[in-house]
Amino acid sequence: MDYIKSNIKIINVLSLDHDFGDIPVTGETIVKFLIQNKLYPSTILIHSLNIIGRLNMYNLLKVANCTSDVFVINYCKSMKSGKIITI
């Protein structure tokens with residue numbers, strides 16, 4: 001979080017997944033930090049297979065009137081190949 005706070009002016013795109021594995025911080029934690037500190041990069045890209053987490057991050061930014069361009073990448077899984085593809 002300190003890195004984001006110190007470098008927000010040079011961060012053009014912040015790409016957020018919701019689940020980072022075994023650490024307690026999530027993309028939602030970062031979004032709440034951004035909102036509390038009114039730190040908005042030019043663009044926020046939300047990408048996560050966690051549908052609820054993805055929607056929560058987007059909705060938090062929307063309600064906070066975030067000034068970033070926010071893009072959400074939705075995923076689907078190919079029934080034929082089993083590969084996850086972005087839309």
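For the Cα trace of the chain, dividing Rg by the Kirkwood Rh returns an Rg/Rh value of 1.01. What the phi angles of region 43-51 give under the Karplus curve with 6.51, -1.76 and 1.60, with θ = phi - 60°, is a coupling list of 9, 10, 10, 9, 9, 6, 6, 7, 4 Hz, glycine and proline written as x.
If you count Lys pairs in the chain whose Cα atoms are under 30 Å apart, skipping same-chain pairs closer than 8 places in sequence, the total is 10. Taking amide H as placed 1.01 Å from N in the peptide plane, the amide H of L16 sits under 5 Å from that of L45, I46, H47, each at least 5 places away or on another chain.
Only the coordinates and a few stated rules stand behind these numbers; no lab work does. Since the structure is predicted, the reported quantities are computational estimates derived from the model, not experimental observations.
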